[in-house]
1. Hey, among the residues in region 15-41 that are outside any loop (DSSP other than H, G, I, E, B), more than 20 Å from Leu85 (Cβ to Cβ) and within 14 Å of the ligand (Cβ to nearest atom), which one's modelled with the lowest pLDDT?
2. If you go through region 82-99 one residue at a time, do you hit one that is within 28 Å of His279 (Cα to Cα), more than 16 Å from the ligand (Cβ to nearest atom) and open to solvent by 60 Å² or more (accessible area, probe 1.4 Å)?
3. What tally of residues in region 363-380 results from selecting those that are in contact (Cβ under 8 Å) with a residue 24 or more places away in the chain and either part of a loop (DSSP other than H, G, I, E, B) or more than 13 Å from Asn327 (Cα to Cα) (or both)?
4. Answer yes or no as to whether Pro38 is free of Cβ contacts under 8 Å to residues at least 24 places away in the same chain and of a type outside the set (A, V, I, L, M, F, W, C).
5. Could you list, in sequence order, all residues of region 367-394 that are within 34 Å of the chain's Cα centre (by Cα) and open to solvent by 60 Å² or more (accessible area, probe 1.4 Å)?
6. For region 197-219: of the residues being in contact with a strand residue (DSSP E or B) (Cβ under 8 Å, 6 or more places away or on another chain) and open to solvent by 50 Å² or more (accessible area, probe 1.4 Å), which is farthest from Val183 (Cα to Cα)?
7. Could you tell me which of the residues Thr72, Thr120 is buried (at least 17 other Cβ atoms within 10 Å of the Cβ), part of a loop (DSSP other than H, G, I, E, B) and in contact (Cβ under 8 Å) with a residue 60 or more places away in the chain?
8. Do we have Leu51 as closer than 30 Å to Gln222 by Cβ and touching a helix residue (DSSP H, G or I) at 6+ places or on another chain (Cβ under 6 Å) here?
Amino acid sequence: MNILVGHTNMDMDCIGSIVLGKYLYPDYQAVKSRLIHPVAQNLYSLYKKRLNFIQSKELSGKIIDNMVVFDTRSQSRVKEYLELLQGPWSGNIIIYDHHHEDTSDINNATIIEGFYGANTTLVALELIKKNIVIDSEAATIALSGLFADTGNFTHTNIKPEDFHVAEWLMSSGANIKLVREFVNALNQDYQINLFHQVLNRIQYKNIHGNSVILCHLPLKEQVNGLAAIAEKVFEIENPDALFIVFGFQKEKSALIVSRSNTEAINLSQIMSHWGGGGHAQASAASVKGDHSDKLFSDLSQFLVETLAPALRAEEIMTKSVYCINENWSILEASLFLEKVAHTGAPVTDQEENLTGIITLRDISKARKASQMNAPVKSYMSRKLQTCNINTSLKDIGRILGVYNVGHLPVTRNNKVVGLITRTDYLHQWNNQYVSDKSL
Ligand SMILES: [Mn+2]
């Protein structure tokens with residue numbers, strides 16, 4: 001017999017990949033892992049019949065000829081099926097996987113890979129290429145996988161192809177209301193309750209310029225759906241990274257759930273320290289032992305020791321800044337800005353202390369009032385926002401946005417040492433995107 005399998009503890013992206021995979025391999029039998037991930041439980045129960053998975057234990061004694069694996073390339077995540085291939089096995093294994101960071105150690109396998117936000121995208125692209133038509137239930141299941149693995153299309157691992165596949169799935173009749181039910185995971189009362197408990201306990205830390213949220217929540221026993229709670233907190237608070245340690249008294253174990261919004265904080269690396277895994281931006285680790293408070297302080301300490309400093313003003317500012325003297329006339333300032341092709345500049349006094357900002361807008365006000373000979377200090381803006389060389393990229397974005405300023409002088413002892421414009425700020429994000437793509 002030929003089988004289609006996914007990683008153990010199947011999630012929605014895994015199930016989405018298999019449901020589409022069945023169109024590529026119609027005579028293969030889909031097999032359910034021993035465990036279904038809690039976030040996928042709802043979807044699985046509702047589509048049990050449609051999915052028609054057999055249990056992995058039903059395979060014992062059967063001779064397996066070929067196997068297709070979805071959403072993993074690591075032996076440790078498909079152990080339950082590999083154990084069934086007894087003796088000298090000569091079948092084929094084909095892998096469809098989007099995890100480029102994982103250990104690739106399944107013997108004699110052909111890997112079909114594509115580093116999209118979701119594995120479902122990789123499989124869907126094959127169907128699109130072959131002009132295969134799918135039904136609306138498959139489209140709904142697949143689209144749920146796509147939403148889940150891309151954090152509702154906001155994780156930075158997302159690629160244009162993920163959007164392309166989403167469009168195709170919608171055209172194939174995916175039901176977005178159902179998708180919403182499956183991915184909007186805080187649907188249990190106890191989850192909402194725990195969500196508020198987490199919010200009450202979060203600690204905001206600045207670790208070398210990275211905004212990090214930490215939380216320790218001891219619970220009587222393990223419950224499902226904790227990752228969804230972390231996801232929600234992450235969405236609302238929007239830090240650079242989030243780490244929640246859930247302690248389980250009854251099981252004498254703990255779970256670290258983490259999310260990151262920056263390439264500088266690679267969670268699959270950090271979580272591997274505690275035997276966990278996942279993506280660079282979403283990862284978890286299960287830890288044995290009932291000392292979750294010790295685990296929490298170890299984790300905090302580890303982050304302080306290992307996190308790289310975040311981008312700061314010093315790294316993105318323009319260092320040679322054109323300043324305008326407050327006693328110059330508006331006309332002089334206007335000619336000067338035109339010459340250096342800037343839309344504004346910091347204004348300084350005789351001692352080179354920062355006293356204001358003048359922009360083309362201020363100059364045009366003076367022009368309308370026929371005051372081109374008035375001194376700059378009478379038209380400049382004195383309501384100043386400044387930062388220092390250590391201000392983080394995140395805080396710079398906040399200042400530019402909240403105060404609606406286009407020029408942010410970087411000062412030391414009231415002297416201008418640099419200037420950051422909106423363009424400089426946006427440029428940083430574009431740079432990050434380019435380096436994402438090169439992965
Ligand atoms: Mn996946």
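The values are calculated or read from the model by the stated rules, or taken from the named source; none is laboratory data. Since we're looking at a predicted model, the values are computed, not measured. Here the Cβ positions follow ideal geometry from the backbone for every residue, glycine too, while neighbour counts run over all protein chains shown. Surface areas here come from the heavy atoms of the whole protein model, side chains and all, with no ligands, DNA or RNA. Shrake-Rupley method; radii C 1.70, N 1.55, O 1.52, S 1.80 Å.
1. This residue is Val39.
2. Looking through region 82-99, at least one residue is within 28 Å of His279 (Cα to Cα), more than 16 Å from the ligand (Cβ to nearest atom) and open to solvent by 60 Å² or more (accessible area, probe 1.4 Å).
3. Total meeting the criteria: 9.
4. No; evaluated as a whole, the condition is false for this residue.
5. Going through region 367-394, the residues within 34 Å of the chain's Cα centre (by Cα) turn out to be 384-394.
Of everything in region 367-394, those that are within 34 Å of the chain's Cα centre (by Cα) and open to solvent by 60 Å² or more (accessible area, probe 1.4 Å) turn out to be Asn388, Asn390, Lys394.
6. Keep residues of region 197-219 that are in contact with a strand residue (DSSP E or B) (Cβ under 8 Å, 6 or more places away or on another chain), which gives 197-198, 201-206, 209-219.
Narrowing the set further to residues that are open to solvent by 50 Å² or more (accessible area, probe 1.4 Å) leaves 197, 201, 203-206, 218.
Working: Gln197: 21, Arg201: 25, Gln203: 27, Tyr204: 27, Lys205: 29, Asn206: 31, Pro218: 26 Å.
Top of the filtered list is Asn206.
7. On the way: Thr120 fails: part of a loop (DSSP other than H, G, I, E, B).
Step by step, each of Thr72, Thr120 is checked, and only Thr72 is buried (at least 17 other Cβ atoms within 10 Å of the Cβ), part of a loop (DSSP other than H, G, I, E, B) and in contact (Cβ under 8 Å) with a residue 60 or more places away in the chain.
8. On the way: closer than 30 Å to Gln222 by Cβ: yes; touching a helix residue (DSSP H, G or I) at 6+ places or on another chain (Cβ under 6 Å): no.
Criteria not met by Leu51.
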